[in-house]
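Asks: After the structure tokens below, expect a handful of questions from me.
The values are calculated or read from the model by the stated rules, or taken from the named source; none is laboratory data. Model, not experiment: these values are computed from the prediction. Please note: Cβ atoms are built from the backbone with ideal geometry, for glycine as well, and neighbour counts cover all protein chains shown.
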Amino acid sequence: MAVVIQRVLEHCDDPNTQQIVMGEILQSVSLLAQDQYGNYVVQHVLEHGKPSERSAIIKKLAGQIVQMSLQKFASNVVEKCLTFGSLERQILVNEMLGSTDENEPLQAMMKDQFGNYVVQKVLETCDDQQRELILSRIKVHLNALKKYTSKAYSCSCRETCCSWGQKPMNGGSDSRPSMRLQLLENDIVQLRLA
């Protein structure tokens, strides 16, 4: 059924039919995002839909992002929201960070087998200022992560951190890693060896 809906979205020229189908998708977007097959429909709209459709999906999912990041199918939808969202991405990042006094959402995501991929996607897609904030929050939790972090994930995080340090983000020309990234990389290496 999900493939049929995707094909309708791709090939239907009738604006009325498109609007009806999108209305149904938006009405059930939370359920679809968590469904084994329905998540592909939501991902398809996020990747190929109009900016207004992407925005509507992200707004419908706001408030559920952390919980969805911890679910197998919905976590893929959250990653697509981060990849293809525009200004709404900040809503998602803020929700993941929680308030400045409590970092529980980010910590829960870092410990989770699906949520940790969402955290990595946030770091790949956010701007430099957001990245510095997120990295500072991650650093606070590195000791707690020792209990939960697999060696493969530690290695993946380390490689991701190294790539941030080596590749300038947002078109910058400075290829030197920041001191904060170097410190985080050292901590992750220690985590991996622990």
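Asks: Scan the stretch 22-36 residue by residue and report those that are among the acidic types (Asp, Glu) and over 10 Å from Ala74 (Cα atoms).
Replies: Glu24
Asks: Also: Quick one: Leu31 ticks every box in (1) modelled with pLDDT under 95; (2) loosely packed, with under 15 Cβ neighbours inside 10 Å bar one, so which box is it?
Replies: Result: Leu31 fails condition (1) only.
Asks: Which one is farthest from Gln64 (Cα to Cα), of the residues in the stretch 26-48 that are assigned to a helix (DSSP H, G or I) and free of Cβ contacts under 8 Å to residues at least 24 places away in the same chain?
Replies: Top of the filtered list is Gln27.
Asks: Filter the stretch 4-19 for residues that are free of Cβ contacts under 8 Å to residues at least 12 places away in the same chain and loosely packed, with under 12 Cβ neighbours inside 10 Å; which is nearest to Ser86 (Cα to Cα)?
Replies: Kept after step one, since they are free of Cβ contacts under 8 Å to residues at least 12 places away in the same chain, are these residues of the stretch 4-19: 4, 7, 11-19.
From what is left, the residues that are loosely packed, with under 12 Cβ neighbours inside 10 Å are 4, 7, 11, 13-16, 19.
Numbers: Val4: 28, Arg7: 25, His11: 25, Asp13: 26, Asp14: 27, Pro15: 24, Asn16: 26, Gln19: 22 Å.
Residue satisfying both the conditions and the ranking: Gln19.
Asks: Can you find a residue that is within 23 Å of Leu32 (Cβ to Cβ), surrounded by 20 or more Cβ atoms within 10 Å (Cβ to Cβ) and out of contact with any strand residue (DSSP E or B) (no Cβ under 7 Å at 6 or more places or on another chain) anywhere in the stretch 123-133?
Replies: no
Asks: Taking the criterion of being in the same structural domain as Leu9 (by TED's automatic domain parsing), within 24 Å of Gln19 (Cα to Cα) and outside any helix (DSSP H, G or I), would at least one residue in the stretch 53-64 satisfy it?
Replies: yes
Asks: Could you list, ordered by first residue, the pairs with Cβ atoms under 9 Å in which the first is in the stretch 52-78 and within 19 Å of Pro105 (Cβ to Cβ) and the second is among the basic types (Lys, Arg) and part of a helix (DSSP H, G or I), at least 6 apart or interchain?
Replies: Between residues of the stretch 52-78 that are within 19 Å of Pro105 (Cβ to Cβ) and residues that are among the basic types (Lys, Arg) and part of a helix (DSSP H, G or I), the close pairs are Ile58/Arg89; Val78/Lys121.
Asks: What are the pairs, 6+ residues apart or on separate chains, where a residue within the stretch 124-152 that is in a loop (DSSP other than H, G, I, E, B) has its Cβ under 6 Å from a residue that is at pLDDT below 70?
Replies: Hits for this filter: Lys146/Leu191; Lys146/Ala194; Thr149/Leu191.
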